[in-house]
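Here is the structure we will look at.
The values are calculated or read from the model by the stated rules, or taken from the named source; none is laboratory data. Bear in mind the structure is a predicted one, so any value in this text is a computation, not a measurement. So basically every Cβ, Gly included, is an ideal-geometry build from the backbone, and we count neighbours across all protein chains shown.
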Amino acid sequence: MSATKQKRDFVVAQLEDLKERERIVVDADGTEVGLYFYADKVRAWSNVCPHSGGPVCQGKMMPRTVQLVVGDRKSGGPGFHPTDRNIVCPWHGFEFDVLTGKHPADQRVGLRSVPVRVEDGEVIISI
Amino acid sequence: MSQMTGLKSDEGLVRELAEISGRTDTRDVLAHATKQAKEKFDDYFIVDIDAHVSEDQFWGEVLELIDNDVWKQIGMDQFDKFAGNNALLNISPGLSHQSVGGRIGHQGRKEPVEGTEGHPFVTAAKRGMDAMGLDYQVVFPSAMLLLGMHPQEEIEVVLGRAFNRWLTEVILPKNPRLKGMLYLPYNTPEVCEELVEKYADHPGIIGYTVCSTRNNPVHSDVYTRLYSLIEESGKPLAFHSGYHWGDPSFAQLNRFLSMHALSFTHYNQIHVTNWIINAMPERFPKIKMIWVESGLAWIPFLMQRLDHEVLMRPSEAPGLTKLPSEYMKEMYYSTQPMERNNMELLEATMKAFNAETQLLYSSDWPHWDWDSPSTITDLPFLSEQAKRNILGLNAARVFNLPTDRMKPSAEQVLQERPGIS
């Protein structure tokens, strides 16, 4: 018989604080989670990179870099996407879309989501 | 550690973790590696045969040890004025894209060591070793990886001599877990001979390194006395690969990743090819050859290519008594940066060169494409013994290191600093 671990809720941030800062990374009783507020959406991702286990949420938030193409399919060089934002793992540079958690070059590689909700202005995760 | 702001509950169980940057304490950057050590490999004996620790921050100390008065004066003048940590070196700062514009936050480290005692390099190295669960670490100068392409051979000589002094006099005596491989200024063979004779018996020097990024044919007769001295010393000879965007072939590549992917394998492929086709393993059979920082995928490629050609043209490789791949199975290779997106290919690669006995773990810490020991323990196809061999026991055999535990427990490391920024 296998034991099922009971999930527990943790209040990890105030929504207004998260909105202002866009990203807060917490250790909640030993589980590390990155909280994000972007494009009016709240996300919570495990702070463990699927590549090598690095602290992915403790890296930078950067606009997604795109390849610009100009007239006659010439290269316009690299450019920043006007709205898409990526989380960048500080260990090796793996990047993940902040809203989908997916790697831009391989959709099979992604962050593990953590159940999150907002109640009465508090950001609550279930782990 | 930051205090949570405005929480109504759970304050005692929730703490905030800060963004990682080049100024973050190594123990915080590597806290997840320490947790991996606790879960997976705390009882392993681990030797990291290639790490760098960012010695360039102490470049002024190296310059002070230059034994030529004029080059020392010029070097110190450059150091104090426009060149700083690049004084006398031939690297191109504008082409240093390693951190991808700061995205890889730990690259380009400047360890916070305020309030600690001892040499800051040694402090940073100890933090890294403890955090990754390493018993020994071989440190090597990243600032000098391109010196083989320096237009002034005498600069390579004076910097090589100075660095070896700094390593053996300033760094290695401070921590017995730190080991060094002597820098050989390979463009000047007679100085390499002099240095091997001088340092062969130094307890902290466990081998010799040639920076692979250069155009010297390794089979040249100018090196035979050097190889004899190395063979007699019983210590291995490593070729540490690197990049060089100035190479005409690589100048076609417009992105750092393209050039980096190809050049790190390119130089070691050339040197292995020359070493084998000119029958150097037959002429110097006791030299233990190590090929560093080219990853692994190139090894079965080169084995197949050289076997294919030698079978058709044996008269061009008349000194060989067996196929090139057989010689390559007798050489040693370092793991990093280990390609591991396709487990079937990686397993076949490791079988091709008998990784269980020939592969040596290397972290390359703190460079951007470093590998933690978990890159080996997580491999699903390796036996427990193979993992232990690759992570440390093979290195103990090659470098003649005792296998007594040298590191603190991962639990102790986490207790002392539980990954808080």
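Listed residues B:181, B:129; which is away from chain A (no Cβ under 14 Å) and in contact with a Gly (Cβ under 6 Å, 6 or more places away or on another chain)?
From the options B:181, B:129, the qualifying one is B:181.
Condition check ((1) within 14 Å of another protein chain (Cβ to nearest Cβ); (2) closer than 30 Å to residue B:402 by Cα; (3) in contact (Cβ under 8 Å) with a residue 40 or more places away in the chain) across all residues:
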residue: B:14; (1), (2), (3): yes, no, no
residue: B:50; (1), (2), (3): no, yes, yes
residue: B:54; (1), (2), (3): no, yes, yes
residue: B:85; (1), (2), (3): no, no, yes
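Filter the range B:326-341 for residues that are without any contact (Cβ under 8 Å) to a residue 60 or more places away in the chain and either farther than 17 Å from residue A:94 by Cβ or among the β-branched types (Val, Ile, Thr) (or both) and give the result.
B:326, B:327, B:328, B:329, B:330, B:331, B:333, B:335
Take the range B:37-69 and flag every residue that is charged (D, E, K, R) and assigned to a helix (DSSP H, G or I).
B:38, B:39, B:40, B:55, B:56, B:61, B:64, B:69
So, restricting to helices (runs of 4 or more DSSP H) that lie completely within the range B:326-421, which ones have at least 3 residues that are within 21 Å of the chain's Cα centre (by Cα), modelled with pLDDT under 95 and within 14 Å of chain A (Cβ to nearest Cβ)?
none
Are any of the residues in the range B:147-168 free of Cβ contacts under 8 Å to residues at least 60 places away in the same chain, of a type in the set (S, T, N, Q) and in contact with a helix residue (DSSP H, G or I) (Cβ under 8 Å, 6 or more places away or on another chain)?
Checking the range B:147-168: at least one residue is free of Cβ contacts under 8 Å to residues at least 60 places away in the same chain, of a type in the set (S, T, N, Q) and in contact with a helix residue (DSSP H, G or I) (Cβ under 8 Å, 6 or more places away or on another chain).
Could you identify the single residue in A:50, A:104, A:82 that is more than 15 Å from the chain's Cα centre (by Cα) and more than 11 Å from every other protein chain (Cβ to nearest Cβ)?
Step by step, each of A:50, A:104, A:82 is checked, and only A:82 is more than 15 Å from the chain's Cα centre (by Cα) and more than 11 Å from every other protein chain (Cβ to nearest Cβ).
Of the numbered conditions (1) more than 23 Å from residue B:136 (Cα to Cα); (2) within 14 Å of another protein chain (Cβ to nearest Cβ); (3) among the β-branched types (Val, Ile, Thr); (4) assigned to a helix (DSSP H, G or I), residue B:34 fails exactly one; give the number of that condition.
(1)
Out of the range B:378-421, which residues are closer than 30 Å to residue B:97 by Cα and of a type in the set (S, T, N, Q)?
B:421
Please specify each residue of the range B:22-36 satisfying the condition of being of a type outside the set (Lys, Arg) and either free of Cβ contacts under 8 Å to residues at least 40 places away in the same chain or in contact with a Lys or Arg (Cβ under 9 Å, 6 or more places away or on another chain) (or both).
Answer for the range B:22-36, where residues must be of a type outside the set (Lys, Arg) and either free of Cβ contacts under 8 Å to residues at least 40 places away in the same chain or in contact with a Lys or Arg (Cβ under 9 Å, 6 or more places away or on another chain) (or both): B:22, B:24, B:25, B:26, B:28, B:29, B:30, B:31, B:34.
When you look at residue B:134, is it at pLDDT 95 or above, within 26 Å of residue B:24 (Cβ to Cβ) and surrounded by 24 or more Cβ atoms within 10 Å (Cβ to Cβ), yes or no?
The answer is yes for residue B:134.
One residue is enough: does the range B:165-177 have a residue meeting the conditions buried (at least 22 other Cβ atoms within 10 Å of the Cβ), outside any helix (DSSP H, G or I) and among the basic types (Lys, Arg)?
No: zero hits.
Inspect all residues belonging to the range B:161-178 and state whether any of them is under 17 Å from the mean Cα position of the chain (by Cα) and under 24 Å from residue B:41 (Cβ atoms).
yes
Is at least one residue of the range B:66-77 within 14 Å of chain A (Cβ to nearest Cβ) and among the basic types (Lys, Arg)?
no
Somewhere in the range B:387-410, is a residue closer than 18 Å to residue B:179 by Cα, among the charged types (D, E, K, R), in contact with a helix residue (DSSP H, G or I) (Cβ under 8 Å, 6 or more places away or on another chain) and surrounded by 19 or more Cβ atoms within 10 Å (Cβ to Cβ)?
Scanning the range B:387-410 turns up at least one residue that is closer than 18 Å to residue B:179 by Cα, among the charged types (D, E, K, R), in contact with a helix residue (DSSP H, G or I) (Cβ under 8 Å, 6 or more places away or on another chain) and surrounded by 19 or more Cβ atoms within 10 Å (Cβ to Cβ).
Restricting the search to the range B:218-269, which residues are basic (Lys, Arg) and loosely packed, with under 14 Cβ neighbours inside 10 Å?
B:255
For every residue, the table says whether it meets (1) within 16 Å of the chain's Cα centre (by Cα); (2) within 14 Å of another protein chain (Cβ to nearest Cβ); (3) surrounded by 19 or more Cβ atoms within 10 Å (Cβ to Cβ); (4) among the hydroxyl-bearing types (Ser, Thr, Tyr).
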{"residue": "A:30", "(1), (2), (3), (4)": "no, yes, no, no"}
{"residue": "A:39", "(1), (2), (3), (4)": "yes, no, no, no"}
{"residue": "A:45", "(1), (2), (3), (4)": "yes, yes, yes, no"}
{"residue": "A:66", "(1), (2), (3), (4)": "no, no, no, no"}
{"residue": "A:117", "(1), (2), (3), (4)": "yes, no, no, no"}
